[in-house]
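The values are calculated or read from the model by the stated rules, or taken from the named source; none is laboratory data. This is a predicted model, so every value here is computed, not measured. Cβ placement follows ideal geometry from the backbone for every residue including glycine, while neighbour counts extend to all protein chains displayed.
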Ligand code: PLP
């Protein structure tokens, strides 16, 4: 009766959501202060003051016509500002015609994939990955091809990518800083990947695109610079949102920008604009297009996240967990002390700790902690992690061979 594909998909639907619901149950039973919910990436931080100031002044403006339909690509002046801003960072010439304003990265990714993919064309996804990529690729009629990042560092494994490239490969999705690991892909790996995609494209007589999903690009620590993907890849399509950088996930605002170096880029842009309409988004919210255009250089206080990262990371490592220290985003992705990460996450609930098994991100044997939460929650959670760790005497190294 209903769509079989969608109904079947519900059964396996996100463990992240399941944990979120478990959290609601525990909060009712034990009180909110005694539940340590690290399951979902919904930032606790408020938008920066300049963003709120823009919002207040735009809301009070008497300018006529501000709430009308507009071009599906977004407001021309906003697109031009975003293009100039991106061009300044990448040194790739871009104008308003290379930018489409969209309802967040989720919308942007769906639009890009739909614009690129013919039936059954393949998209390389690097594991661990943001799980929604698989659905988005499916929505566009494509096939995900999963390639693992390097085991200990979560760095790019260019040889492993090479092994899966075929004439059917249409795109590779990059996400750096990464959800769930927080790892930033380094320039040398990206340059090697770029050379590989150019070489394979020539060999197959195809174009292979890089879709760079960048919602965490400005949430970085310790002065690390995130390599600019558009400056490295000729066929770069950047998808970004202000959900995390300005703490506006409920407002649904972001953009797509395709490099001017892409052959027939104007046809691609036409497809993106048209899909913004036909997929039902129509255009990005008018008010928030204006807000973000006034705040392109603004970012949430990354110190807010760094304090949380350091507190949690240092504690976990001190009690025996093994974890790559993240350079950005607001996630930790430690190794589970037992190979069965789902069993581990279930066991953690005993201590009111809600974590998401790595299997949800295509990387069993790990678990994800989203630390964009109240500092008090993290502080109160530390003894619970200590008790949990104490259960695993064999800790860390022993299950390496199973991963
Ligand atoms: N991509 C990644 C890697 C994410 O973590 C998220 C949200 O958590 C999104 C895309 C979707 O973000 P948005 O709120 O902009 O749709």
Give the residue that is nearest to the ligand (Cβ to nearest atom), with candidates limited to residues of the stretch 337-353 that are crowded, with 23+ Cβ neighbours inside 10 Å and in contact (Cβ under 8 Å) with a residue 60 or more places away in the chain.
345
Consider only pairs whose beta carbons are under 6 Å apart and that are at least six residues apart or on different chains; among these, list those whose first residue lies in the stretch 107-122 and is in the same structural domain as residue 209 (by TED's automatic domain parsing) and whose second residue is within 15 Å of the ligand (Cβ to nearest atom) and in a loop (DSSP other than H, G, I, E, B).
107/281
For residues that are more than 16 Å from the ligand (Cβ to nearest atom) and part of a loop (DSSP other than H, G, I, E, B), scanning just the stretch 314-329, find the one that is surrounded by the most Cβ atoms within 10 Å (Cβ to Cβ).
321
Hey, does the stretch 11-19 have a residue that's in a helix (DSSP H, G or I), without any contact (Cβ under 8 Å) to a residue 60 or more places away in the chain and either under 30 Å from residue 227 (Cα atoms) or in the same structural domain as residue 272 (by TED's automatic domain parsing) (or both)?
no
Within the group 187, 199, 234, which residue is free of Cβ contacts under 8 Å to residues at least 24 places away in the same chain and farther than 17 Å from residue 131 by Cα?
199
What about residue 163, is it assigned to a helix (DSSP H, G or I), within 12 Å of the ligand (Cβ to nearest atom) and either more than 22 Å from residue 261 (Cα to Cα) or modelled with pLDDT of 95 or more (or both)?
no
So which residues in the stretch 207-222 are more than 15 Å from the ligand (Cβ to nearest atom), under 19 Å from residue 173 (Cβ atoms) and part of a loop (DSSP other than H, G, I, E, B)?
207, 208
With over 19 Å from residue 211 (Cα atoms), under 24 Å from the mean Cα position of the chain (by Cα), exposed (fewer than 14 other Cβ atoms within 10 Å of the Cβ) and away from the ligand (no atom under 16 Å from the Cβ) as the only criterion, which of 31, 88 stands out?
88
How many of the residues in the stretch 92-110 are farther than 18 Å from residue 169 by Cα, assigned to a helix (DSSP H, G or I) and within 16 Å of the ligand (Cβ to nearest atom)?
5
Would you check which residues across the stretch 136-158 are surrounded by 16 or more Cβ atoms within 10 Å (Cβ to Cβ) and within 15 Å of the ligand (Cβ to nearest atom) and list them?
136, 137, 144, 149, 154
All conditions in (1) buried (at least 21 other Cβ atoms within 10 Å of the Cβ); (2) out of contact with any strand residue (DSSP E or B) (no Cβ under 6 Å at 6 or more places or on another chain); (3) within 30 Å of residue 391 (Cα to Cα) are true of residue 292 except (3)
Could you list, in sequence order, all residues of the stretch 338-366 that are assigned to a loop (DSSP other than H, G, I, E, B) and farther than 13 Å from residue 38 by Cβ?
338, 339, 340, 362, 363, 364, 365
Some residue of the stretch 190-206 being surrounded by 14 or more Cβ atoms within 10 Å (Cβ to Cβ), assigned to a loop (DSSP other than H, G, I, E, B) and assigned by TED's automatic domain parsing to the domain that holds residue 138:
yes
Of the residues in the stretch 111-135 that are more than 16 Å from the ligand (Cβ to nearest atom) and over 14 Å from residue 172 (Cβ atoms), the one that is modelled with the lowest pLDDT is 120
Can you confirm whether the stretch 238-258 contains a residue that is surrounded by fewer than 24 Cβ atoms within 10 Å (Cβ to Cβ) and away from the ligand (no atom under 16 Å from the Cβ)?
no
